[in-house]
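Here the structure comes first, spelled out in structure tokens, and everything after it is commentary.
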Amino acid sequence: MLLPTVQVGFGILRYLLPLLLLVGLSKQTSLPYTSRAAADDISTMTERRIAAIVDSQSTGSVGSWLSSLDRGQGKWPDSQINYATGCNAQRANWPALNHWNRIVAMTAAWHGGAPNQDSKWVQNKDLRSAISSAMGYWFSHDYKNDACVNGDFHGKNACPCGTPGFWNTNWYSNVLGLPLLVSQTCLVLGDSLSNSERNSCTHITSRAYATFNANEGYLTGANVLDLAKIGADDAMLMKNTTRLTDAYSRVHAQLVYSEKVKNDGVKADGSFQQHGGLLYNGNYGNVFAKDVMELEINAAQTQFAANQDQLGVFAALLDSDRWMIFDNQKTSIMHWDFSALPRFIAFPTADYQPTHDIGINLTAVETLGRLSGNAVITDVANSLKGGSDGANAGKLEGNRLFYANDYMVHRGRNYVSTLKMYSERTTNSECTNSANPFGFHLADGTLYTYVQGNEYEDIAAAWDWDMIPGISVDYKGTTLECKSTTATGKHSFVGGVSTGDVGIAVMRYTNPITGKFSFQKAWFFTADDTQRVLIGNINNTSPVEVRSVLDQKRHSGDVYIDGQVSGGTTKQGPQSLWHAGVGYTFPNNTSAKLTVATGNKSGAWNKIGTSGQGTTTVDLFSAYLVRTNTSQPLEYTIFPGTADQGAFASKAAASALQTVQNDAHISAVYDSAAKVAYVVFWDEKGGAVSFPDGSNIRTNIASTVIYDAGAGKVFASDPTQKQTQLQLAITPAGQPAVFKTLNLPTAGKAGSGVSFDL
């Protein structure tokens, strides 16, 4: 399998090797505290940091950059770099920063030690002169109005359009993007800097770092770590112990669980939240993780290193990350689940944005695991480096609820299913910097099913944004536009319960913009790779059609409807559907209508973001159900990871899953083979339900319950995250009732499950 960006070069390893040998010899499970002078620690950390920066650079284009640089001006041709600035500049991925991307790579080549670099550049005087020329050009055009560091974050009055100098209306480029590149360049150049260059370097980095003192609202989560890293680089350049101590204290202050609703950072379930209620492990959480690894490997066995509690929070983040990663079997590249990437779905893989690959240096993860003695960190590295079965990267199986972000993942041997919902505690998606203007429905119960792993890759420009996989939708009932993309859910009863092997997810939904469409939906992820979906209490007061989308993905091979090969069609009362490794059966749905479509769809990437990749055409498969009488409930069963139509048909015929109740009050399913009962109590005061084996479950509040009769265990939760106790009565078949009063988790763990043995 191709694992992008997983190698740590010899340059950094020669500094880490003594540490690794020490850990191996001592067999300690925690980093020993060593009392040494801060100056010695800074010297050690500077050597490691420089080696890491150099090792991260690609220097193959240094020769061509050197020849095209205008030495008199210190700039590259406008045909190569777009130097537009201020209000005329692109807000996201500011092209002018490519000026500094080149300088960093040229600096690494001059220093020596970059992977596969040409040795002729090491300490090359002509190259060093060109670096000074390029740095000088930017420094001479640096903006003088310090208010511009925030771009237009506080409006345009403080930094109006036309303000001279290189700046961007997006604060990110001024506070993090540019200073990160400048701090790395200047640290590597070190003592070769002139006084003027050094002063310009520290002016840019200190100006950015000073935003900490202003308590700017954008400094949360991953952004804090990025800025702390700038401060640490600046401190090492200036040998400033006070600044380095401050930078690392800010890093470690983030290595705690973020308990408040819509608070950025690592949640108690290991998921990562950014931008006020968005699941973002695949972008901001990944930046956070990479920063922690860089900073903590650099600080290992110094007074600046994290303690074991702080590393435990980081380990929880990495452990959750691997649940959200799948493997594309066509390219052998691992990727993030699209639900962990919100707006970045608007970028094709060719843009090297977070959709391109997971962007995790697994060797660095492994190294930090060894240095810290943290077994979870080491296990994450080993599992993701250990290959995959189908789309199941790391061969991780089971079920996990991320209650802090209304998100469930179910992983079978050869597939990965992810479900994204939202509630009054979370938000659905975002449109930022022109990316993802049509993403309003991306958390409406979105169910991605990865079997080959290429199902949804590079299709967002062409697909129907009102037909997001797995959702129930008032089709075209909401105008999709950037200004109305982001919404907070209207209900608290969203979440579920998990045993670790199987689970229930629930969502009560009302369209937060129109208020004209609502439903209750439950997903039962059961044993033997079978998923039952129950939709009830559907209300629609708008004239649009209500669709329950089965999937929208790349078309691959034959489509079977009721066991027969079929193309695009509409069928009343279907019995089954199978396509590309996923099958569906439709019990008790004689009044439902199935519509299947295949064929080429086209769309331009610049219509959904800032990508320059042009128009794409994709052969898409889509399927959805329409219930002519929306007052009636709807159900279907999903069989993911089935090899072909025959295997699907056999598995469906042998299924022991039964729907016991599906109405506005209770959604209940029974697996007679596994002897497991699943129930959702929708009513505020709970309810009672009996199962075919004679067992009965009763609760006093709205809740989700799994009763595993075979194992004699019960699992329960409060999806509203508002209750402190649950009274539960379980009556096993042929036995007296067992009464339990369960104390429910609160604060940051509210919504997580509790369990007991009968």
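The values are calculated or read from the model by the stated rules, or taken from the named source; none is laboratory data. It should be emphasised that the depicted structure is a prediction, and the values quoted were computed from it without experimental measurement. Counting neighbours? That spans all protein chains shown, and the Cβs are built from the backbone with ideal geometry, glycine included.
Key figures for this structure:
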read-out: Close pairs (6 angstrom Cβ cut-off, 6 or more residues apart or separate chains): within 14 Å of ASN93 (Cα to Cα) in the stretch 164-184, among the acidic types (Asp, Glu) and buried (at least 22 other Cβ atoms within 10 Å of the Cβ) anywhere; value: LEU176/ASP226
read-out: Those residues of the stretch 583-622 which are small (Gly, Ala, Ser) and over 29 Å from ASP529 (Cβ atoms), in sequence order; value: GLY599, SER602, GLY603, ALA604, GLY609, SER611, GLY612, GLY614
read-out: Of all residues in the stretch 662-687 being more than 18 Å from GLY495 (Cβ to Cβ) and in contact (Cβ under 8 Å) with a residue 60 or more places away in the chain, the one that is farthest from the chain's Cα centre (by Cα); value: ALA673
read-out: Test: SER64 is at pLDDT below 95 and not charged (D, E, K, R); value: no
read-out: Single condition GLU294 does not satisfy, out of (1) surrounded by fewer than 24 Cβ atoms within 10 Å (Cβ to Cβ); (2) more than 12 Å from the chain's Cα centre (by Cα); (3) more than 30 Å from SER43 (Cα to Cα); (4) not β-branched (Val, Ile, Thr); value: (3)
read-out: Looking only at the stretch 474-498, and only at residues there that are outside any loop (DSSP other than H, G, I, E, B) and not aliphatic (A, V, I, L, M), the one that is farthest from GLY412 (Cα to Cα); value: LYS483
read-out: Qualifying residue in the stretch 717-737 (condition: small (Gly, Ala, Ser), buried (at least 21 other Cβ atoms within 10 Å of the Cβ), out of contact with any helix residue (DSSP H, G or I) (no Cβ under 8 Å at 6 or more places or on another chain) and in a strand (DSSP E or B)); value: yes
read-out: Residues (buried (at least 23 other Cβ atoms within 10 Å of the Cβ) and of a type outside the set (A, V, I, L, M)) located in the stretch 255-269; value: ASP264, GLY265, LYS267
read-out: Near pairs, Cβ below 9 angstrom, 6+ apart or cross-chain, from the stretch 499-511 (modelled with pLDDT of 95 or more and part of a strand (DSSP E or B)) to any residue that is surrounded by fewer than 20 Cβ atoms within 10 Å (Cβ to Cβ) and among the charged types (D, E, K, R); value: ARG508/LYS490; TYR509/LYS490; THR510/LYS490; THR510/LYS516
read-out: Test: residue in the stretch 121-140 that is within 31 Å of the chain's Cα centre (by Cα), surrounded by 14 or more Cβ atoms within 10 Å (Cβ to Cβ) and within 21 Å of THR205 (Cα to Cα); value: no
read-out: Test: residue in the stretch 227-240 that is polar (S, T, N, Q), closer than 29 Å to THR44 by Cα and part of a helix (DSSP H, G or I); value: no
read-out: Wholly enclosed strands (runs of 3 or more DSSP E) of the stretch 550-617 bearing at least 1 residues farther than 26 Å from GLN329 by Cβ, modelled with pLDDT under 95 and over 26 Å from the mean Cα position of the chain (by Cα); value: 569-572, 592-604
read-out: Filtered residues of the stretch 678-692 (kept if surrounded by 15 or more Cβ atoms within 10 Å (Cβ to Cβ) and either basic (Lys, Arg) or in a loop (DSSP other than H, G, I, E, B) (or both)); value: TRP682, GLY686, PHE691
read-out: Filter result for ALA89 (crowded, with 21+ Cβ neighbours inside 10 Å, touching a residue at least 40 places away in the same chain (Cβ under 8 Å), on the phi < 0 side of the Ramachandran plot and in contact with a helix residue (DSSP H, G or I) (Cβ under 9 Å, 6 or more places away or on another chain)); value: no
read-out: Any hit, the stretch 641-655, residues being assigned by the TED database to the domain that holds VAL494 and either of a type in the set (Asp, Glu) or in contact with a helix residue (DSSP H, G or I) (Cβ under 8 Å, 6 or more places away or on another chain) (or both); value: yes
read-out: Residues satisfying the stated conditions in the stretch 399-434, i.e. polar (S, T, N, Q) and over 20 Å from GLY641 (Cα atoms); value: ASN405, SER423, THR426, THR427, ASN428, SER429, THR432, ASN433, SER434
read-out: Set TYR707, TYR670: member being under 21 Å from THR585 (Cβ atoms), assigned to a strand (DSSP E or B) and not assigned by the TED database to the domain that holds ILE538; value: TYR670
read-out: Filtered residues of the stretch 92-127 (kept if in contact (Cβ under 8 Å) with a residue 24 or more places away in the chain and farther than 29 Å from VAL175 by Cβ); value: GLY112, GLY113, PRO115, ASN116, GLN117, ASP118, TRP121, ASP126, LEU127
read-out: Residue match in the stretch 301-314 (condition: surrounded by 23 or more Cβ atoms within 10 Å (Cβ to Cβ) and within 21 Å of the chain's Cα centre (by Cα)); value: yes
read-out: Residue under evaluation ASN170, criteria (1) surrounded by 19 or more Cβ atoms within 10 Å (Cβ to Cβ); (2) touching a helix residue (DSSP H, G or I) at 6+ places or on another chain (Cβ under 7 Å), criterion not met; value: (2)
read-out: Residue within the stretch 333-349 that is over 17 Å from the mean Cα position of the chain (by Cα) and either over 30 Å from VAL754 (Cβ atoms) or not assigned by the TED database to the domain that holds ALA228 (or both) present; value: no
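Residue by residue, here is whether (1) at positive phi; (2) outside any strand (DSSP E or B); (3) buried (at least 21 other Cβ atoms within 10 Å of the Cβ) holds:
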position: ASN199; (1), (2), (3): no, yes, no
position: ARG207; (1), (2), (3): no, yes, no
position: GLY276; (1), (2), (3): yes, yes, no
position: GLY282; (1), (2), (3): no, yes, yes
position: PHE288; (1), (2), (3): no, yes, yes
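Matching residues to (1) out of contact with any Gly (no Cβ under 8 Å at 6 or more places or on another chain); (2) among the aliphatic types (A, V, I, L, M); (3) in contact (Cβ under 8 Å) with a residue 24 or more places away in the chain; (4) in a helix (DSSP H, G or I):
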residue: HIS356; (1), (2), (3), (4): yes, no, yes, no
residue: VAL365; (1), (2), (3), (4): yes, yes, yes, yes
residue: ARG370; (1), (2), (3), (4): no, no, yes, yes
residue: ILE377; (1), (2), (3), (4): no, yes, yes, yes
residue: SER383; (1), (2), (3), (4): no, no, yes, yes
residue: TYR422; (1), (2), (3), (4): no, no, yes, no
residue: ARG425; (1), (2), (3), (4): no, no, yes, no
residue: SER429; (1), (2), (3), (4): no, no, yes, no
